[in-house]
Amino acid sequence: MKITIIGAGSVRYALKLIGDLAKSPDLVGGRPELCLMDIHSQRLEAAHLLASRYLEELDVPVRINSTENLDTAVDGANYVINTILAFPVWKDQDGFASWEAMTAVGEQFGYYRGVDSQEYNMVSTYTYGLCSYYDMQAALNIARSMERLSPQGTILQTGNPVFEISQLLNRITSIQTIGFCHGHGGVHEVCKPLGLPFDKVDWQVAGVNHGIWLNRFRYNGMDAYPLLDRWIAQELPSWQSSGPWDIQMSPAVMDMYGFYGLLPIGDTCRNGSWKYNYNLETKRQWFGSFGSIDNEIERPKLHRGLRKVKEQLLAIAQEVRQDKTLRITERWPDIFTKGDLSGEQQILYIQARETNRSSRLVLNLPNQGTIYGIPDDVVVEIPVLVDRSGIHRETIEPELPRRLINMYLMPRILRMEWSLEAFISRDRRVLEEILLHDQRTRSYKQVKDVWDAIFALPYHEDLRRYFTPGSAS
């Protein structure tokens with residue numbers, strides 16, 4: 001069996017998956033081949049070195065190789081885990097710098113947090129240029145290569161936007177694509193303040209990626225929502241956020257619960273309406289003193305932190321090169337863990353498909369009637385049981401409320417469809433039309449001017465070549 005990780009140069013995330021693989025004896029007993037792929041040679045070399053040492057210290061017989069060539073990476077692969085973030089590089093910096101510059105251009109023309117900050121899709125770094133052109137093109141290249149070289153393989157889509165990319169590949173390629181996200185872990189964050197042991201809770205979530213809802217919530221056979229109502233009455237007034245990611249029990253979440261009748265889970269509240277996102281003051285009112293991660297203060301901090309982590313891992317790789325006796329699991333146990341799994345689902349999925357160890361997972365798959373009221377071909381995020389025989393969808397019980405479907409999920413699905421329309425048609429007018437629906441837009445000139453400025457950015461040569469006026473198909 002061959003498992004390929006594309007975007008392994010991110011290093012830290014790849015190491016999480018490699019650690020999960022190493023801690024899955026039923027899987028590694030078959031001596032799988034692990035291939036790491038990235039176009040950044042220095043980071044790929046570091047990832048290979050650290051992964052090899054990690055597996056060696058855990059005494060795991062996994063064959064590992066690395067390549068900068070996509071065809072080599074996917075050739076004969078059973079599972080291709082796509083983790084890449086494909087923002088264009090600007091001034092020899094990472095892709096975050098180009099996103100930050102594009103966001104600044106958007107704000108110059110009256111689009112707070114950039115043109116990507118769209119109602120029902122506020123997680124704006126996941127929709128670079130509204131249609132996620134760079135990420136979708138990279139994912140499509142992977143799928144096309146697999147159609148030639150590993151047609152029976154499966155893409156485990158991990159890089160964002162999971163919703164749009166999984167939909168695109170399922171719709172226009174022959175490669176099975178399954179989307180992965182850990183947002184359902186927010187259920188843990190609900191149980192903890194309510195004093196509920198997670199393993200005793202009967203829960204179910206359903207929706208679309210970054211738009212999932214706690215439709216079933218039971219404890220000791222009883223509906224647990226009254227416990228949440230009590231917490232809201234007694235504890236919400238004094239709730240304080242501990243950091244920009246600590247928003248699961250925020251006023252925004254509880255306000256959405258009051259309106260839709262179910263609790264939004266994970267990043268779902270970040271994809272709420274403008275009601276929660278007009279400006280930094282508004283964000284702090286609804287998400288706590290940090291204003292969530294999606295603002296002009298916390299997002300740049302996050303990018304600086306991610307850059308520092310990459311630099312740290314490159315420095316660790318250099319130390320390992322120089323000292324062959326260095327044990328990374330002892331020197332940096334928080335990175336190279338020996339114990340629990342990471343909480344990611346990709347290796348659990350592969351293990352369930354390849355061994356006798358089944359798993360209950362939350363995956364992104366075509367609906368096929370699972371959520372009532374959603375088109376069959378739309379990719380939804382749902383709980384499933386995975387085993388050797390395949391993927392078995394759970395019955396969604398109780399069903400999602402009609403208001404939630406009509407006023408949250410369908411608008412979010414429409415955003416996805418607009419994104420795919422822009423990407424597939426290659427028509428710049430679609431990007432303009434999307435922005436004309438934005439409540440921040442005051443005139444067509446504003447739309448034309450901001451897109452002219454975005455397309456003129458020096459690192460958008462590919463974008464300019466791809467989109468042409470009036471090229472609708």
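Just so it is clear, none of the values below were taken in a lab; they were calculated from the coordinates. All figures in this text were calculated on a predicted structure; none of them were measured in a lab. Backbone-built Cβ (ideal geometry, glycine too); neighbour counts: all protein chains shown.
Backbone geometry of the stretch 143-148 corresponds, through the Karplus equation with coefficients 6.51, -1.76 and 1.60 at θ = phi - 60°, to 3J(HN,Hα) couplings of 4, 5, 5, 5, 4, 7 Hz, x marking Gly and Pro. Other residues lying with their Cβ under 12 Å from the Cβ of ILE178 contribute a combined charge of 0, Lys and Arg counting +1, Asp and Glu -1.
The H on the amide N of GLN176, modeled in the peptide plane, is under 5 Å from the matching H of ILE155, each at least 5 residues off or on a different chain.
Taking the charge dipole of the stretch 33-95 about its Cα centre, with +1 at Lys and Arg Cβ atoms and -1 at Asp and Glu Cβ atoms, the residue from LEU50, PRO88, ALA77 reaching farthest to the positive side is PRO88.
In what sequence do HIS460, HIS437 fall when counting other Cβ within 10 Å, fewest first? Don't skip to the end; give the middle numbers.
Numbers: HIS460 20, HIS437 12.
Fewest-to-most ranking of HIS460, HIS437: HIS437, HIS460.
For the stretch 426-466, a simple Cβ point-charge model (Lys and Arg +1, Asp and Glu -1, everything else neutral) yields a dipole of about 100 debye relative to the Cα centre. Taking the Cα centre of the stretch 275-340 as origin and assigning +1 to Lys and Arg Cβ atoms and -1 to Asp and Glu Cβ atoms, the resulting dipole is close to 120 debye.
Rounded to the nearest 500, what is the chain's calculated 222 nm mean residue ellipticity when only DSSP H runs of at least 4 contribute -39500 (n - 2.57) each, over all residues?
About -12500 deg cm²/dmol.
The string of couplings for the stretch 229-246 from the Karplus curve (6.51, -1.76, 1.60, θ = phi - 60°) is 4, 5, 4, 4, 5, 9, 10, 4, x, 9, 5, 10, 6, 8, x, x, 8, 8 Hz, one whole number per residue in order, with x for Gly and Pro. Annotation for the stretch 374-425 versus the stretch 153-204: alpha-carbon center distance of 11 Å.
Mean separation of Cα pairs under 8 Å and 6 or more residues apart, divided by the residue count, gives the stretch 345-440 a relative contact order of 20 percent.
Amide H contacts of LEU263 (H built 1.01 Å from N, in plane; Pro and chain starts excluded): LEU214 sit under 5 Å, all sequence-distant by 5 or more or on other chains.
Would you list VAL123, VAL205 from fewest to most Cβ contacts within 10 Å? Walk me through the intermediate numbers first.
Numbers: VAL123 21, VAL205 25.
With the sparsest Cβ surroundings first, the list reads VAL123, VAL205.
Return the Rg/Rh ratio of the stretch 1-64 with Cα-based radii and a Kirkwood Rh.
Details: Rg = 10.9 Å, Rh = 11.5 Å.
Reported Rg/Rh, Kirkwood definition of Rh: 0.94.
Provide GLU417, GLU397 in ascending order of the number of other Cβ atoms located within 10 Å of each residue's Cβ, fewest first. Each step should come with its number before you reach the end.
Numbers: GLU417 14, GLU397 9.
By the 10 Å Cβ count, ascending, the order reads GLU397, GLU417.
For Rg and Dmax of the Cα atoms in Å, the value computed from the atomic coordinates appears in the list (i) 25.2, 84; (ii) 22.2, 65; (iii) 22.5, 74 under label (ii).
Which trypsin sites (Lys or Arg not before Pro) in the stretch 403-473 sit in a loop by DSSP (not H, G, I, E or B) and have at most 14 other Cβ atoms within 10 Å of their own Cβ? Can you show the working numbers first?
Details: sites: ARG403, ARG412, ARG415, ARG426, ARG428, ARG429, ARG440, ARG442, LYS445, LYS448, ARG464, ARG465; in loops: ARG426, ARG440, ARG442.
Here the sparse-neighbourhood loop sites are ARG442.
Each Cα pair under 8 Å and six or more residues apart adds its separation to the average, and for the stretch 248-347 the resulting relative contact order is 15 percent. Derived scalar couplings between HN and Hα for the stretch 173-190 equal 10, 9, 8, 5, 10, 10, x, 10, 7, 9, x, 5, x, x, 4, 4, 5, 7 Hz in order, rounded to whole Hz, by the Karplus curve 6.51 cos²θ - 1.76 cosθ + 1.60 (θ = phi - 60°), x for Gly and Pro.
What's the ranking of 92-99, 317-324 by average number of surrounding C-beta atoms within 10 Å, highest first? Numbers along the way, then the final one.
Details: 92-99: 17.0, 317-324: 12.6.
With the highest mean Cβ count within 10 Å placed first, the list reads 92-99, 317-324.
Summing charges over neighbours of VAL60, with a neighbour being any other residue whose Cβ is under 10 Å away from its Cβ, gives -1 when K and R count +1 and D and E count -1.
Here r is the Cβ-Cβ distance between ASN141 and ASP202 and R0 is 56 Å; the resulting FRET efficiency, rounded to 0.05, is 0.85.
Ranked by the mean number of other Cβ atoms within 10 Å per residue, highest first, peptides 260-267, 72-79, 452-459 order as 260-267, 72-79, 452-459.
Placing unit charges on the Cβ atoms of the charged side chains and taking the dipole of the chain about its Cα centre, the candidate lying farthest along the positive direction among PHE163, PHE455, LEU404 is PHE455. The mean sequence separation of alpha-carbon pairs under 8 Å and at least six residues apart, normalised by the residue count of the chain, gives a relative contact order of 17 percent. Assuming charge only on the beta carbon of Lys and Arg (+1) and of Asp and Glu (-1), the dipole of the chain about its Cα centre is about 180 debye to the nearest 20. Between the stretch 36-86 and the stretch 1-25, the alpha-carbon centres lie 7 Å apart.
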